[in-house]
Amino acid sequence: MIRTLAKLLLLLPLLWLAGFVWFLLAMPGAASTDIHTDGIVVLTGGPGRLARGVEVLAHRGADRLLVSGVAREVRPEDLAAELRIDERVFACCIDLGKFAEDTRGNGAEIANWAGQRGYDSLRVVTAADHMRRALVEIRLRLPESVELVADAVPPTGNTLSYALEYSKLLARLGQSAVGGAA
């Protein structure tokens with residue numbers, strides 16, 4: 001019994017390490033701007049995300065974009081000025097989601113936004129190291145019929161931050177396996 005437990009305790013870190021190597025080597029990349037979806041969702045939190053979402057919107061990759069997790073004090077006109085985008089683009093095509101405070105909240109905010117519009121496909125824009133967990137959170141809250149297109153921007157972290165993100169992904173997968181979306 002003790003030997004079996006000792007083997008298991010040695011095996012777990014090896015499995016984690018093997019999974020982490022896969023996580024690093026298989027990070028998703030950018031999707032083609034030629035892919036059209038009903039909507040684009042950008043999860044805030046890192047450089048390049050919003051610029052990528054706006055770029056895809058400009059290439060008519062979708063008709064509408066949600067920026068999920070925006071600070072409550074951010075105004076559309078401020079963001080338009082920062083991104084050098086005409087304010088009319090915000091008025092017609094960009095929504096600011098101000099309720100999400102973390103990735104779970106992003107999932108709920110995105111599902112609510114897509115559901116209100118009856119969208120069947122979404123392009124998800126976030127950092128490559130964050131993409132898998134973001135997709136899990138969104139998928140837990142959307143019907144299976146909704147297509148998700150991963151469009152990752154390059155990660156800006158380091159090995160430690162990637163290890164943390166991988167561990168969060170594992171924890172969330174485990175949690176969702178036993179408890180669902182909660």
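Only the coordinates and a few stated rules stand behind these numbers; no lab work does. Computed from a prediction, not measured in an experiment: that's the story for all the values here. Counting neighbours? That spans all protein chains shown, and the Cβs are built from the backbone with ideal geometry, glycine included.
Of note:
- Residues within region 36-59 that are under 21 Å from Val136 (Cα atoms) and either assigned to a loop (DSSP other than H, G, I, E, B) or β-branched (Val, Ile, Thr) (or both), tallied: 8
- Among the residues of region 112-142, those that are assigned to a helix (DSSP H, G or I), out of contact with any Asp or Glu (no Cβ under 9 Å at 6 or more places or on another chain), hydrophobic (A, V, I, L, M, F, W, C) and touching a residue at least 24 places away in the same chain (Cβ under 8 Å) comprise Ala128, Ala134, Val136, Ile138.
- Among the candidates Ala150, Ala163, residue that is among the small types (Gly, Ala, Ser) and assigned to a helix (DSSP H, G or I): Ala163
- Meets criteria (under 30 Å from Ala163 (Cβ atoms), buried (at least 21 other Cβ atoms within 10 Å of the Cβ) and among the hydrophobic types (A, V, I, L, M, F, W, C)) for Val54: no
- In a residue-by-residue description of region 73-96, the property of being crowded, with 18+ Cβ neighbours inside 10 Å, closer than 29 Å to Tyr162 by Cα, of a type in the set (Val, Ile, Thr) and touching a strand residue (DSSP E or B) at 6+ places or on another chain (Cβ under 8 Å) applies to no position.
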